[in-house]
Structures are given as structure tokens and as C-alpha cells.
Amino acid sequence: MALTRSEQMSRIRGRDTSPERLLRSALWQAGLRFRLQARTPSGRPDVVFARARVAIFIDGCFWHGCPEHYVRPRTRSDFWSAKLQENVGRDRRQTLQLEADGWRVCRIWEHQVFEALPEVVDTVRAALQDAEWNPPPSWRVVQVDALPGEGDMEQRWMEDLRSPMERRSVVAQRSTRKWKRPARQPQRGGS
Ligand SMILES: [Zn+2]
């Protein structure tokens, strides 16, 4: 079932702090000590290891163009396309500036926190401790063009955050796939 734009927005907004909270508590349990949203020369990452100069950003799948979960809005495509490119452009400037200043930058997708939290913790630990660490590629959707014809097909353009000249595209059916959410505690009915 396709969600309306306002349904998507409210889901995104309602979950706003939750992946951050999950990651912070997992890092804490793993014995990794950090500061919350400390200032860096280039903005406020979600988690900052100031002494080690490691910055962690948790990127929302819709707003930052997750290759698996970005959903092309059906209306106002020029507006949404500009918005997406603006967000990715900001992510790129932050990341490159921090790296130029000697920081290690981990860009984590929101869905990774929900689906693969132990691996995310491993990534952060490696960034903190591994002398040979290199950031993994970070592909982002920057534009999606609806294709004419049957089947709701679209062309999805992607760029790597650190090498924007490298562009690739895939043709696929429009998808509104979501990641696996953690099970919620059942709520008690009032009586
Ligand atoms: Zn995603």
C-alpha cells in the first residue's frame, strides 16, 4: 500500500530521535564513550568522539537519499528533487570538510540502526581503533525520473558522497519498501 506524502512525513517525524537513541545506547553498552552533538568545525554530528576525531551521522533514509528506501514523491517532483540534492550537497560538504580537517566520518543509514545494529557498532569501533580504516562508499539517490509507460518504472540516479563525479543509475519499479521495525511493546487497553 502506498503511503500519502503526509503519512510518510508524520512517520518520519514521529521516529525522529529513535534511531539516534538506539545507536547511542548500543555504543554505550559496547563501552564506547562519546559526546552528544558536540560542535565540530563543520556542524553537529549525531555522535562525536572528540579526542579520536570520529564523527557519526545518522542519515534518514528519505531525506538523505538512501538507495534502498528513498521513495519518489508522486507530485511536485522538481521541488523534491531540489530538496534531495540540497540535502546530499550539505552531507557532502560536511563530510569532506571534516575529513580535510583530519576527522573520520561515519555516515550511517537510519535503516542500518534498525536492521544491523551490531554491524553499525563494529563500524564505529573500527573507525575509532583501526589505524587502516577507510570509510565505506556512501551512495545516495540524487534524482529519480518517472519513466513513461506501464508499470510505474523509474530511473534512479545515485552519487557517491565522496566522489560526486561518479554517477550511476538503475531502472527499477517505484518502491515504497520499508525496513524492518523493531517489535513494539503491546499497549494495554485502558479499562
Ligand atoms: Zn534505508
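For segment 131-144, a residue qualifies if it is touching a helix residue (DSSP H, G or I) at 6+ places or on another chain (Cβ under 9 Å) and in contact (Cβ under 8 Å) with a residue 24 or more places away in the chain, and the qualifying residues are TRP133, PRO135, SER138, ARG140, VAL141, VAL142, GLN143, VAL144. Residue pairs whose Cβ atoms lie under 9 Å apart, separated by 6 or more positions or on different chains, with the first residue in segment 112-124 and over 18 Å from PHE49 (Cα atoms) and the second acidic (Asp, Glu) and part of a helix (DSSP H, G or I), are GLN112/GLU119; VAL113/GLU20. Anything in segment 129-156 that is surrounded by fewer than 18 Cβ atoms within 10 Å (Cβ to Cβ) and either within 24 Å of ARG24 (Cβ to Cβ) or among the hydrophobic types (A, V, I, L, M, F, W, C) (or both)? List them, or say none. Matches in segment 129-156: GLN129, ASP130, ALA131, TRP133, PRO135, PRO136, TRP139, ALA146, LEU147, MET153.
Here is a yes/no grid of residues against (1) within 16 Å of the ligand (Cβ to nearest atom); (2) in contact (Cβ under 8 Å) with a residue 12 or more places away in the chain; (3) crowded, with 18+ Cβ neighbours inside 10 Å; (4) farther than 20 Å from ASP160 by Cα:
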residue: LEU27; (1), (2), (3), (4): no, yes, yes, yes
residue: ALA30; (1), (2), (3), (4): no, yes, no, yes
residue: PHE79; (1), (2), (3), (4): no, no, no, yes
residue: THR95; (1), (2), (3), (4): no, yes, yes, no
residue: VAL105; (1), (2), (3), (4): no, yes, yes, no
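Among the residues of segment 18-31, none qualifies, meaning not one is within 29 Å of ARG156 (Cα to Cα) and in a loop (DSSP other than H, G, I, E, B).
The one condition from (1) within 18 Å of ARG107 (Cβ to Cβ); (2) modelled with pLDDT of 90 or more; (3) under 16 Å from the mean Cα position of the chain (by Cα) that ARG44 does not meet is (2).
One residue stands out among those in segment 81-93 that are in contact (Cβ under 8 Å) with a residue 60 or more places away in the chain and of a type outside the set (D, E, K, R): the one that is nearest to PRO137 (Cα to Cα), which is VAL88. Of the residues ARG11, ARG92, ARG53, the single one that is among the basic types (Lys, Arg), touching a Leu at 6+ places or on another chain (Cβ under 8 Å) and at pLDDT 90 or above is ARG92.
State the number of residues belonging to segment 121-158 that are more than 16 Å from the ligand (Cβ to nearest atom) and closer than 26 Å to GLU99 by Cα.
16
Per the conditions (1) surrounded by 12 or more Cβ atoms within 10 Å (Cβ to Cβ); (2) of a type in the set (S, T, N, Q); (3) modelled with pLDDT under 95, the sole criterion not satisfied by THR123 is (3). One residue stands out among those in segment 107-120 that are among the charged types (D, E, K, R) and surrounded by 12 or more Cβ atoms within 10 Å (Cβ to Cβ): the one that is farthest from the ligand (Cβ to nearest atom), which is ARG107.
The values are calculated or read from the model by the stated rules, or taken from the named source; none is laboratory data. All of these numbers come straight from a predicted model, not from anything done at the bench. Because the Cβ atoms are built from the backbone with ideal geometry, glycine has one as well, and the counts that use them run over all protein chains shown.
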